[in-house]
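The values are calculated or read from the model by the stated rules, or taken from the named source; none is laboratory data. Because the structure is a prediction, the values reported are computed rather than measured. When we count neighbours, we look across all protein chains shown, and the Cβ atoms used for this are built from the backbone with ideal geometry, even at glycine. Side chains included, ligands, DNA and RNA excluded: accessible areas come from the protein's heavy atoms. Shrake-Rupley method; radii C 1.70, N 1.55, O 1.52, S 1.80 Å.
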Amino acid sequence: MRRMTARPANVHQARLLRLLRDAGPHSRAQLGDQVDLSRSKLAVEIDRLLETGLVVADGLAASRGGRRSHNIRLAPNLRFLGVDIGATSVDVAVTNAELEVLGHLNQPMDVREGPVAVFERVLAMAAKLRAGGIAEGLDGAGVGVPGPVRYPEGVPVAPPIMPGWDGFPVREALSRELGCPVMVDNDVNLMAMGEQHAGVARSVGDFLCIKIGTGIGCGIVAGGEVHRGTTGSAGDIGHIRVEADGRACACGNRGCLEAHFSGAALARDAEEAARTGRSPELTARLEAAGRLTAADVAAAAAAGDSTALDLIREGGGRVGQVIAGLVSFFNPGLVVIGGGVTGLGHTLLASVRTQVYRQSLPLATGNLPIVLGELGPAAGVIGAGRLISDHLFSPA
């Protein structure tokens, strides 16, 4: 059921909608402080937005002298669906227009099952959330996938860890099923947008967001906007070579960062260490579960296992090697590290920091924080809400 039929008519209305999304209810006077419009022009644009139903009057604002006005806020019935598809799990959430998460589900899911199976699961999860009464209908949906995306069309392109997804019309197919506009992007770009909206990168205009999960990617935010590159493949750092003639990678090359350190690579190295008897802790975990994951390495490291700690430090050094090059090139104000492997925590972070600070120029790293993301699994779904709201809060 389509609900949000109105769109902002001009750039001024779009700016007002995004201000209300990012900073919550404002009085007319407060909005006037934020936008470069005369008082009469601002009043006209707000009244037009009120007529469309995109915003509503919401209680009396604090007095600034004279008659008190009403606060203006985004319509409280607007609902966005955020879908964050990872290699081994999927997160689905419903947010309001201010991107507050109203309901959030996570389920294990192998992206290699293909788009039809994955989207059947996504639609079932969305239906379950809506059945809980938090959304009568949806006004738009944002979707993240763990591979390169041709952004304008919302189509994955030759994603190495997503067999069967190449060229699948994600945007078109989901829009038809959900009955609302859909936007699609790479999952790490959504993580960056989530941390930018509600996480550790709230006040930073230029930053890098590194996602280390089954694969490795980088969201690049420049001047407050995600940089996707000419074809949508910017930030694909998992396939930067870190070792000549190194391990074979899923992309077909050898020596890629992702082949040497990612969730999958770490699990493989941990299993090898367990089978060769180098780590009693990992051996016990392997015998109990039949397989190991990055979470097992994190637990073994927390228990003081030297082999697990070495695996994390070595991997962090490789990631730091690549990040150091990016820092020297881009000169960001912040580096955020997120994804499933962040369960490795401060051991990983310390190793990355050491390598970056050692290898990059002091001018680039003198005031450079390298931190873990704040939002965890919510970063992707909040970023998905921001993605679709950026689209809907743009002039029609």
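GLU287 meets each of the listed conditions (1) within 23 Å of HIS260 (Cα to Cα); (2) assigned to a helix (DSSP H, G or I); (3) not aliphatic (A, V, I, L, M) apart from (1). A single member of THR214, THR231 is touching a helix residue (DSSP H, G or I) at 6+ places or on another chain (Cβ under 7 Å) and among the hydroxyl-bearing types (Ser, Thr, Tyr), and it is THR214. Within region 383-396, the set of residues being over 18 Å from GLY339 (Cα atoms) and either surrounded by 16 or more Cβ atoms within 10 Å (Cβ to Cβ) or among the small types (Gly, Ala, Ser) (or both) comprises GLY385, ARG386, LEU387, ILE388, SER389, ASP390, LEU392, PHE393, SER394, ALA396.
Only one of the numbered conditions (1) modelled with pLDDT of 95 or more; (2) assigned to a loop (DSSP other than H, G, I, E, B) is not met by CYS251, and that is (1). Does region 320-329 include one or more residues that are farther than 13 Å from LEU266 by Cβ, aromatic (Phe, Trp, Tyr) and touching a strand residue (DSSP E or B) at 6+ places or on another chain (Cβ under 9 Å)? No: region 320-329 contains no residue that is farther than 13 Å from LEU266 by Cβ, aromatic (Phe, Trp, Tyr) and touching a strand residue (DSSP E or B) at 6+ places or on another chain (Cβ under 9 Å).
Checked against the criterion of being assigned to a strand (DSSP E or B) and either in contact with a strand residue (DSSP E or B) (Cβ under 6 Å, 6 or more places away or on another chain) or open to solvent by less than 10 Å² (accessible area, probe 1.4 Å) (or both), the candidates VAL122, VAL143 yield just one match: VAL143.
Somewhere in region 338-357, is a residue β-branched (Val, Ile, Thr) and part of a strand (DSSP E or B)? There is no residue in region 338-357 that is β-branched (Val, Ile, Thr) and part of a strand (DSSP E or B).
Being assigned to a strand (DSSP E or B) and under 15 Å from ALA141 (Cα atoms) is the filter here; which residues of region 75-97 pass it?
Hits for region 75-97 are PHE80, LEU81, GLY82, VAL83, ASP84, ILE85, VAL90, ASP91, VAL92, ALA93, VAL94, THR95.
Every condition in (1) under 23 Å from GLU243 (Cβ atoms); (2) out of contact with any Leu (no Cβ under 7 Å at 6 or more places or on another chain); (3) assigned to a loop (DSSP other than H, G, I, E, B); (4) not small (Gly, Ala, Ser) is met by LEU292 except one, and the failing one is (2).
Among the residues of region 264-276, the ones that are surrounded by fewer than 17 Cβ atoms within 10 Å (Cβ to Cβ) and at pLDDT below 90 come to 0 in all. When each of GLY376, GLY380 is tested for being in a helix (DSSP H, G or I) and either open to solvent by less than 50 Å² (accessible area, probe 1.4 Å) or within 27 Å of ALA93 (Cβ to Cβ) (or both), the lone residue that passes is GLY380.
Counting only residues that are open to solvent by 80 Å² or more (accessible area, probe 1.4 Å) and aliphatic (A, V, I, L, M), region 10-54 holds 1 of them.
Listed conditions (1) touching a residue at least 24 places away in the same chain (Cβ under 8 Å); (2) surrounded by fewer than 19 Cβ atoms within 10 Å (Cβ to Cβ) are all met by ARG176, apart from (1). Within region 1-31, the residues that satisfy the criterion of being farther than 22 Å from GLY383 by Cα and either in contact with a strand residue (DSSP E or B) (Cβ under 9 Å, 6 or more places away or on another chain) or of a type in the set (Phe, Trp, Tyr) (or both) are HIS26, SER27, ARG28, GLN30, LEU31. Screening ALA61 on (1) surrounded by 17 or more Cβ atoms within 10 Å (Cβ to Cβ); (2) at pLDDT 90 or above; (3) over 30 Å from VAL341 (Cβ atoms) shows it passes everything except condition (2).
Quick check on my filter: what residues within region 343-367 are of a type in the set (A, V, I, L, M), surrounded by 14 or more Cβ atoms within 10 Å (Cβ to Cβ) and at pLDDT below 85?
At the first step, the residues of region 343-367 found to be of a type in the set (A, V, I, L, M) are 344, 348-350, 352, 356, 361, 363-364.
Right, trim to surrounded by 14 or more Cβ atoms within 10 Å (Cβ to Cβ) and you get 344, 348-350, 352, 356, 364.
Within region 343-367, LEU344, ALA364 qualify.
Okay, residues lined up against (1) in contact with a helix residue (DSSP H, G or I) (Cβ under 9 Å, 6 or more places away or on another chain); (2) of a type in the set (D, E, K, R); (3) open to solvent by 60 Å² or more (accessible area, probe 1.4 Å); (4) farther than 16 Å from LEU348 by Cβ:
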residue	(1), (2), (3), (4)
GLY235	yes, no, no, yes
ILE240	yes, no, yes, yes
CYS249	yes, no, no, yes
GLY252	no, no, yes, yes
SER262	yes, no, no, no
GLU281	yes, yes, yes, yes
ALA302	yes, no, yes, no
VAL319	yes, no, no, no
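Within region 25-49, residues that are of a type outside the set (A, V, I, L, M, F, W, C) sit with their Cβ atoms under 7 Å from residues that are assigned to a strand (DSSP E or B), at 6+ positions apart or across chains, in these pairs: PRO25/ASP58; PRO25/ASN71; PRO25/ILE72; PRO25/ARG73; HIS26/ASN71; HIS26/ILE72; SER27/ASN71; ARG28/ILE72. Are any residues in region 73-121 aliphatic (A, V, I, L, M), without any contact (Cβ under 8 Å) to a residue 24 or more places away in the chain and more than 26 Å from GLU51 (Cα to Cα), and if so, which ones? VAL116, ALA117 - these are the residues of region 73-121 that are aliphatic (A, V, I, L, M), without any contact (Cβ under 8 Å) to a residue 24 or more places away in the chain and more than 26 Å from GLU51 (Cα to Cα).
Please work out which residue is nearest to ALA57 (Cα to Cα), limiting yourself to region 71-97 and to residues that are aliphatic (A, V, I, L, M) and out of contact with any strand residue (DSSP E or B) (no Cβ under 7 Å at 6 or more places or on another chain).
Among those that are aliphatic (A, V, I, L, M) and out of contact with any strand residue (DSSP E or B) (no Cβ under 7 Å at 6 or more places or on another chain), it is LEU78.
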